[in-house]
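Chemist: Quick one: the structure is below, questions incoming.
The values are calculated or read from the model by the stated rules, or taken from the named source; none is laboratory data. Bear in mind the structure is a predicted one, so any value in this text is a computation, not a measurement. Heads up, the Cβs are rebuilt from the backbone with ideal geometry, glycines too, and the neighbour counts pull from every protein chain shown. These area figures cover heavy atoms from the full protein model, side chains too; ligands, DNA and RNA do not enter into them. Shrake-Rupley method; radii C 1.70, N 1.55, O 1.52, S 1.80 Å.
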Amino acid sequence: MKSTAVCLSAVLAVSLSACTRIETGEVGLRINFDKTTDPTERLPGSFNQTVVGSILTFKVQDVAVGVDNMTPLASDNSTVKDFDMTVVYSVNPTAVSELWTTKNRTFHSVSEHGGDILLMQNYVALSARNAAYKVARGYESLKMSDNRPQIEQQIRENILKTLGEEKLADKISVSQVQVRAITPADVIVQSANELVRAQNELKTKEVEVQTAKKEAERIAALNANASAIGYMNAMANLKIAEGVAAGKVHTIVVPYDFKGIVNAK
């Protein structure tokens with residue numbers, strides 16, 4: 001009995017070790033011993049023996065593809081220095097067999113972690129790159145960052161349009177486009193900084209001119225009414241006289257050309 005139990009345990013261990021379990025977010029395909037592909041997709045949670053043949057696993061949910069180091073042309077004919085984005089897409093689980101067996105293998109890639117096959121990742125990346133170059137042409141280089149949400153939406157719409165034209169709309173869905181970086185060309189940034197500096201200098205000069213005009217108007221007004229100056233001098237002397245009479249003024253500064261009479265007590 002013990003030997004039988006040991007044998008059963010050994011057989012069970014070998015069986016489990018020769019099985020592949022399909023994880024959540026994955027789909028499996030069996031490759032038969034004759035190298036043909038079984039068209040039936042293996043769904044998440046299933047155990048599939050690999051004693052005869054093998055199982056390929058495909059990540060189908062929330063596949064992220066980075067499209068980096070693009071240099072699209074803006075509407076002002078300047079070349080964007082750097083344009084980076086990430087596209088998130090999913091594959092219809094029921095379309096895995098068709099995509100794997102009918103599409104060019106260069107359209108796919110392999111995950112760096114886990115070894116899952118990323119169906120159509122290279123194809124989506126190429127479609128996203130083409131869409132980004134097309135959309136960027138409608139914006140000035142310095143205004144792209146301010147219009148990031150619109151650019152992301154338009155890129156996604158262009159990718160979906162391409163998928164529809166290739167009859168892939170029911171097999172691949174794009175859930176998100178995120179533009180991570182937009183860097184204008186150095187010459188554009190330099191020109192913008194110089195423009196801001198020139199505008200600030202112009203505003204400063206305009207203030208200086210306005211100040212000078214007001215001062216000139218003040219002097220002209222005084223010169224145009226000379227009697228006003230005499231009146232102001234007379235009023236000043238009157239205030240001094242009143243102060244002396246009231247005993248509030250004890251010291252008077254006399255001009256060097258003073259010709260009047262001062263009664264000092």
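Chemist: Please enumerate the residues belonging to segment 52-63 that are on the phi < 0 side of the Ramachandran plot and either part of a loop (DSSP other than H, G, I, E, B) or open to solvent by less than 60 Å² (accessible area, probe 1.4 Å) (or both).
Modeler: 52, 54, 55, 56, 57, 58, 60, 61, 63
Yes/no matrix, rows are residues, columns are (1) over 30 Å from residue 95 (Cα atoms); (2) at pLDDT below 80; (3) not hydrophobic (A, V, I, L, M, F, W, C):
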{"position": "159", "(1), (2), (3)": "no, no, no"}
{"position": "162", "(1), (2), (3)": "no, no, yes"}
{"position": "218", "(1), (2), (3)": "yes, yes, yes"}
{"position": "232", "(1), (2), (3)": "yes, yes, no"}
{"position": "264", "(1), (2), (3)": "yes, yes, no"}
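Chemist: Return only the number of the condition from (1) in contact with a strand residue (DSSP E or B) (Cβ under 9 Å, 6 or more places away or on another chain); (2) modelled with pLDDT of 80 or more; (3) surrounded by 16 or more Cβ atoms within 10 Å (Cβ to Cβ) that residue 73 does not satisfy.
Modeler: Every condition holds for residue 73 apart from (3).
Chemist: Still on this structure: When you look at residue 127, is it of a type in the set (Gly, Ala, Ser), at pLDDT 95 or above, open to solvent by less than 60 Å² (accessible area, probe 1.4 Å) and more than 27 Å from residue 186 (Cα to Cα), yes or no?
Modeler: yes
Chemist: Report every pair of residues separated by at least 6 positions or lying on different chains whose Cβ atoms are under 8 Å apart, first residue within segment 124-151 and under 11 Å from residue 80 (Cα atoms), second assigned to a loop (DSSP other than H, G, I, E, B) and acidic (Asp, Glu).
Modeler: 140/76; 141/76
Chemist: While we're looking at this one, here's another question. Could you figure out which of (1) among the polar types (S, T, N, Q); (2) modelled with pLDDT under 95; (3) open to solvent by 80 Å² or more (accessible area, probe 1.4 Å) isn't true of residue 150?
Modeler: Looking at each condition in turn, residue 150 falls short on (2).
Chemist: Is there a residue being open to solvent by less than 60 Å² (accessible area, probe 1.4 Å), charged (D, E, K, R) and either modelled with pLDDT under 95 or touching a strand residue (DSSP E or B) at 6+ places or on another chain (Cβ under 7 Å) (or both) anywhere in segment 203-213?
Modeler: no
Chemist: Please find, among 80, 135, 88, the residue that is in contact with a strand residue (DSSP E or B) (Cβ under 9 Å, 6 or more places away or on another chain) and buried (at least 21 other Cβ atoms within 10 Å of the Cβ).
Modeler: Result: 80 is the single residue among 80, 135, 88 that is in contact with a strand residue (DSSP E or B) (Cβ under 9 Å, 6 or more places away or on another chain) and buried (at least 21 other Cβ atoms within 10 Å of the Cβ).
Chemist: Follow-up. Which of the residues spanning segment 154-187 are open to solvent by less than 70 Å² (accessible area, probe 1.4 Å), of a type in the set (Gly, Ala, Ser) and under 19 Å from the mean Cα position of the chain (by Cα)?
Modeler: Of everything in segment 154-187, those that are open to solvent by less than 70 Å² (accessible area, probe 1.4 Å), of a type in the set (Gly, Ala, Ser) and under 19 Å from the mean Cα position of the chain (by Cα) turn out to be 181, 185.
Chemist: So which of 84, 170, 76 is within 30 Å of residue 186 (Cβ to Cβ), assigned to a loop (DSSP other than H, G, I, E, B), of a type in the set (D, E, K, R) and in contact (Cβ under 8 Å) with a residue 40 or more places away in the chain?
Modeler: Of 84, 170, 76, the one residue that is within 30 Å of residue 186 (Cβ to Cβ), assigned to a loop (DSSP other than H, G, I, E, B), of a type in the set (D, E, K, R) and in contact (Cβ under 8 Å) with a residue 40 or more places away in the chain is 76.
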